[in-house]
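Right, one structure below, let's go through it.
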Amino acid sequence: MTAPVVNIADLRFAWPGQPPLLDVKAFELAAGERLFLRGPSGSGKSTLLGLIAGVLETDQGSISVLGQDMTQLSGSRRDQVRADHLGVIFQLFNLVPYLSVVQNVILPCRFSKRRQSEVTAAGGADQEARRLLAQLGLEDPDLLARNVTDLSVGQQQRVAAARALIGNPSLIIADEPTSALDADTRDRFIGLLSAEAKKTNAALLFVSHDASLAKLFDRAIDLSEINAAAQLAGAV
Amino acid sequence: MGVSIFGLAWRSLLNRKISALLTVTAIALSVALFLGVEKARNAAKSGFDNTISGTELIVGAPSGQINLVLYSVFRLGNATAEISWQAYEALDAREDVAWTIPISLGDNHRGYRVMGTNLNYFEHYKYGQRQDLAFADGREFDDLFDAVIGAEVAKSLGYELGTPIIITHGLGASGFNDHDDRPFRVVGILRPTGTPVDQTIHVSLEAITAIHVGWETGTRNPLVDTISEETIRGFDLTPRTVTAVFVGLKNRATVLRTRRAINTNKTEPLLAIIPGQALAELWQVMSTAERVLLAISAFVIAVGLVSILTSILTSLNERRREMSILRATGARPGHIFALLIAESTFLGLIGAILGALLIQLILLIAAPILTAQYGIALMGTGPGLVDLYTIGAVTLAALILGIWPAVTALRRSLADGLTVKV
């Protein structure tokens, strides 16, 4: 049995001066697993992703990513783990507006030697970016040279997916990436993202408040199921 | 591998073209102003120092060395007293003196000073790097009523050889006090020197005496018209006084001893000054204003640099998503910090380089106009170390100022986490 990509134990987190937002006793995400995490706005989904990504620090408990306890690592080491092993997709405006399509996709390779060596082994960053974009349905050379702000929302999200996938990350975090897409585009996007993640055995943690998406994933949970703080707030 | 941090900074600036352009313009204008003042100061100092050279001493009636250098070299103001011809002859006869140039000032022609002197002036007077006076046209004065005019006089009044000149008594406007009974004739035009020589009308000392026959009381004697030019030529026209004397020594090493000897002259009180020392003292007086001007232009640069801060700080809020994206894709705090510092440095560097180029362009256009119209030669205004130092200092200051927005962006990016709800 392989070690989980993400393992959370006794996690507690509160924003300064606020009641506890997250109180998670246990949570695991296996390699290659596609997990759908739902919950209403303000329930702490994005905060949990920030904690897993090592951008936020816990008050208590542990978060292991690929066997490394993020709570015990220095800020720069957490940054390094994120740069090397995580791919992140946001809801909207999640591309650097002044870079071209290809430049956006290869941006993570600038910050990670591991990803650099991965793409070099695959034939180079530019080639790997074009391959990923082609897999996601973006092949037109003219379009790839364009500034990302010239693309449609659906095209932008596919570019963001390619950026998250480049360099074979072990964990892909997607925070409400389809909320601005229509139903057809949304389903196609999730299908493409899942397929690409599966090819590299990357775990996919997909967060949304739209419960209807649950059927597209291996497993679905509601944050309130694992968050004692939400249960307590609900009881009150 | 892809785009470097500097590449990101550059593209980020291009993405905010108008704001970046305005900031760079502010920096460029402030640097151009600063360098303009600095170059004008250097040109003025250079021109100032080059006004007279090769003259070891200037001798006049006792007043002060600044006053003496002002009226004898720069033709500004008047001597409070003159020195006698006998004193001049004694000075000229000194064994340690190689040559003397007596000058007599007091009259004008249409605002330009008229200076009586002798032929030694054309032989020994030097300016700049020991450059001799040279004729653009004509020759030295020979006849009593010959005049040699400076380049600017010729250009601005449109005079050429043979043009008659009426000298006006004193420094007042022409009219009632004109020496119109004894007109001069232009026989020589000097080449431009970039010194007060260009604005001077040179005549012989005897001519100064001649035109003042009948003016002994300071005003025109009505009987003067009855004295013919021929009669005047028969008079002893040796001057009774001169305004000042330029002195060249046989041995420059004796300058202090000669100056002391002249200054302690028993028969007539005299003041001998060393031109270099007097010019340095005069520049010292002027340098206060020049330093104030330089300080003002330095403050203008500071304002320009603040515009970098304003530009970047005001953009930070709308760029929080950009910072979050960079953090999510693996950028570490150092990358965010370096990005903002690089942007600030780029703005400072580009602005400073454009400012230095701008002032060179302005000088390129203005220099021929200044020389042609006003006889002002802008020396030492080409690109130099001061430009490099200014570009370096402004860039460094921009880099240091960039720390503020960089720290602010860093703190925000750490607090915002992966997503920004803005």
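Tabulated results
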| quantity | calculated |
| --- | --- |
| Candidate set from segment B:1-49 (those that are among the polar types (S, T, N, Q), more than 14 Å from chain A (Cβ to nearest Cβ) and over 18 Å from the mean Cα position of the chain (by Cα)); member that is surrounded by the most Cβ atoms within 10 Å (Cβ to Cβ) | B:Thr23 |
| Unique match (being among the acidic types (Asp, Glu) and farther than 26 Å from A:Gln103 by Cβ) among A:Asp218, A:Asp140, A:Asp150 | A:Asp218 |
| Selected residue [part of a loop (DSSP other than H, G, I, E, B), in contact with a helix residue (DSSP H, G or I) (Cβ under 9 Å, 6 or more places away or on another chain) and within 9 Å of chain B (Cβ to nearest Cβ)] from A:Val102, A:Val88, A:Val119, A:Val96 | A:Val96 |
| Selection count where residues are more than 17 Å from B:Glu89 (Cβ to Cβ) and either in a strand (DSSP E or B) or hydroxyl-bearing (Ser, Thr, Tyr) (or both), scope segment B:100-120 | 9 |
| Residue count, segment B:201-214 (criterion: crowded, with 23+ Cβ neighbours inside 10 Å and touching a Phe, Trp or Tyr at 6+ places or on another chain (Cβ under 8 Å)) | 5 |
| Condition broken by B:Gly330, with the remaining ones in (1) within 14 Å of another protein chain (Cβ to nearest Cβ); (2) in a helix (DSSP H, G or I) satisfied | (2) |
| Members of segment A:81-107 found to be over 17 Å from B:Arg320 (Cα atoms) and either small (Gly, Ala, Ser) or free of Cβ contacts under 8 Å to residues at least 12 places away in the same chain (or both), listed by number | A:Ala83, A:Gly87, A:Ser100, A:Gln103 |
| Qualifying residues in segment B:77-105 (those that are under 26 Å from the mean Cα position of the chain (by Cα) and touching a residue at least 40 places away in the same chain (Cβ under 8 Å)) - the one surrounded by the fewest Cβ atoms within 10 Å (Cβ to Cβ) | B:Asn78 |
| Scope segment B:139-161; condition part of a helix (DSSP H, G or I) and touching a residue at least 24 places away in the same chain (Cβ under 8 Å); matching residues | B:Ala151, B:Glu152, B:Val153, B:Ala154, B:Lys155, B:Leu157 |
| Some residue of segment B:306-317 being surrounded by 14 or more Cβ atoms within 10 Å (Cβ to Cβ) and within 14 Å of chain A (Cβ to nearest Cβ) | yes |
| Complete set of residues in segment A:105-116 that are outside any loop (DSSP other than H, G, I, E, B) and closer than 21 Å to A:Leu193 by Cβ | A:Val105, A:Ile106, A:Leu107, A:Pro108, A:Cys109, A:Arg115 |
| Subset of segment A:44-85 that is among the small types (Gly, Ala, Ser) and within 16 Å of the chain's Cα centre (by Cα) - its residue that is farthest from the other protein chains (Cβ to nearest Cβ) | A:Ser64 |
| Matching residues in segment A:168-188 - criterion: being within 14 Å of the chain's Cα centre (by Cα) and not β-branched (Val, Ile, Thr) | A:Asn168, A:Pro169, A:Ser170, A:Leu171, A:Ala174, A:Asp175, A:Glu176, A:Pro177 |
| The lone exception for B:Met379 - which of (1) closer than 15 Å to B:Leu35 by Cα; (2) modelled with pLDDT of 85 or more it fails | (2) |
| Yes/no for B:Ala406 being more than 30 Å from A:Ala83 (Cα to Cα), of a type outside the set (D, E, K, R) and either modelled with pLDDT under 90 or in a helix (DSSP H, G or I) (or both) | no |
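Quick grid of which residues meet (1) part of a loop (DSSP other than H, G, I, E, B); (2) over 30 Å from B:Val197 (Cα atoms); (3) at pLDDT 85 or above; (4) among the β-branched types (Val, Ile, Thr):
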position	(1), (2), (3), (4)
B:Leu22	no, yes, yes, no
B:Thr25	no, yes, yes, yes
B:Ala40	no, no, no, no
B:Phe48	no, no, no, no
B:Thr55	yes, no, yes, yes
B:Asn78	yes, no, no, no
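The values are calculated or read from the model by the stated rules, or taken from the named source; none is laboratory data. Note that this is a predicted model, so its numbers are computed, not measured. Virtual Cβ from ideal backbone geometry, glycine too; neighbours counted across all protein chains shown.
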